[in-house]
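The values are calculated or read from the model by the stated rules, or taken from the named source; none is laboratory data. All of these numbers come straight from a predicted model, not from anything done at the bench. Reconstructed Cβ throughout: ideal geometry from the backbone, glycine too, with neighbour counts over all protein chains shown.
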Amino acid sequence: MPITDAPFKITENLLEEIARHGYVIIDNFLPDSAIRALNRQARTLKTAGSLKQAAIGKAAAQQQDSKVRGDSIFWLDEAGPSPELALYLSRMQSLQESLNRYFFLGLFEFETHFAVYPPGAVYRKHLDQFRDQQERQVSAILYLNTDWQPDDGGELRFYLNGTSDQSFIDIAPVAGKLVLFLSGEFPHEVLPARRQRISLTGWFRTRAQDIR
Ligand code: OGA
Ligand code: MN
């Protein structure tokens, strides 16, 4: 079945929100049918044993500690294309172009993985950038959880004020919601959920030499 590209538009408004606040939350980023298909694809990968326990830290010194980070992931560069992934990637490509035009960010690639959190799993408070490794400029998390209920938990706790723990918002991981934010600015964590929690998480990157 062909997927019609529903009328999501990268508006001036959206870009202004990012300029003003450093993040934006977009509902219904993809049509519901595409979200459901992506959710199925993630579950199929899980059933096939293709997900890997996510690690923490940088490439050379990566560790696994499910008390710190409990999701399992699948990088999309290993994926066969599906029409829904193609739609997602083309939207991300348009976003990348808009971000570059508006903010002169010099983003040149997008890396992305499915992430599946079993019930109860968390990802403790962290930043998506390392101090000496800042290629990740903008984080993009698309939630794939259909029929998510308020008491299912699993919120993204998003700290608005750098180091302070006082000021945060809790973002429910409901189907079709996209959270976009500057990777170096906002500590965040994943709270435990009652149900399996699925997302497509990606980062717009600059070339290493652009920022040194
Ligand atoms: C991450 C992350 C948040 C979420 O993968 O780095 O912070 O809500 N994910 O899934
Ligand atoms: Mn993160």
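Has the range 66-76 got any residue that is within 26 Å of Leu14 (Cβ to Cβ), at pLDDT 90 or above and assigned to a helix (DSSP H, G or I)?
Yes, some residue in the range 66-76 is within 26 Å of Leu14 (Cβ to Cβ), at pLDDT 90 or above and assigned to a helix (DSSP H, G or I).
Just one of Arg124, Arg131, Arg91 is out of contact with any helix residue (DSSP H, G or I) (no Cβ under 7 Å at 6 or more places or on another chain) and at pLDDT below 90; which is it?
Arg131 is the lone residue from the list that is out of contact with any helix residue (DSSP H, G or I) (no Cβ under 7 Å at 6 or more places or on another chain) and at pLDDT below 90.
Scan the range 194-210 for residues that are among the aliphatic types (A, V, I, L, M), within 13 Å of ligand 1 (Cβ to nearest atom) and surrounded by fewer than 22 Cβ atoms within 10 Å (Cβ to Cβ) and jot them down.
Selection gives nothing.
For the structure I just gave you, tell me whether Glu185 is without any contact (Cβ under 8 Å) to a residue 40 or more places away in the chain, under 18 Å from the mean Cα position of the chain (by Cα) and within 16 Å of ligand 2 (Cβ to nearest atom).
no
Can you tell me which of Gln133, Gln137 is in contact with a strand residue (DSSP E or B) (Cβ under 7 Å, 6 or more places away or on another chain) and farther than 18 Å from Gln41 by Cβ?
The unique qualifying residue is Gln137.
Residues in the range 117-133: is at least one more than 25 Å from Leu51 (Cβ to Cβ) and either in contact with a Gly (Cβ under 9 Å, 6 or more places away or on another chain) or more than 15 Å from ligand 1 (Cβ to nearest atom) (or both)?
Yes.
Right, Thr112: more than 15 Å from ligand 1 (Cβ to nearest atom) and β-branched (Val, Ile, Thr) or not?
Here the answer is no, as Thr112 does not meet what is asked.
Residue-by-condition table, conditions (1) crowded, with 19+ Cβ neighbours inside 10 Å; (2) touching a residue at least 60 places away in the same chain (Cβ under 8 Å); (3) of a type in the set (Val, Ile, Thr):
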| position | (1), (2), (3) |
| --- | --- |
| Asn39 | yes, yes, no |
| Arg43 | no, yes, no |
| Ser50 | no, no, no |
| Gln53 | no, no, no |
| Pro83 | no, yes, no |
| Phe110 | no, yes, no |
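Check off (1) more than 16 Å from ligand 1 (Cβ to nearest atom); (2) modelled with pLDDT under 95; (3) buried (at least 16 other Cβ atoms within 10 Å of the Cβ) for Ala34 and give me the number that stays unchecked.
Answer for Ala34: the failing condition is (2).
Phe104 fails exactly one of the following numbered conditions: (1) within 14 Å of ligand 1 (Cβ to nearest atom); (2) of a type outside the set (Ser, Thr, Tyr); (3) closer than 23 Å to Glu17 by Cβ; (4) surrounded by fewer than 17 Cβ atoms within 10 Å (Cβ to Cβ). What is the number of that condition?
(1)
Select, from Ala175, Ala140, the only residue that is within 14 Å of ligand 1 (Cβ to nearest atom) and touching a helix residue (DSSP H, G or I) at 6+ places or on another chain (Cβ under 6 Å).
Ala175
Could you grab me the full set of residues in the range 141-196 that are acidic (Asp, Glu) and in a strand (DSSP E or B)? Full working, then the answer.
Taking the range 141-196 as the starting set, the residues that turn out to be acidic (Asp, Glu) are 147, 151-152, 155, 165, 170, 185, 189.
Matches in the range 141-196: Asp170, Glu189.
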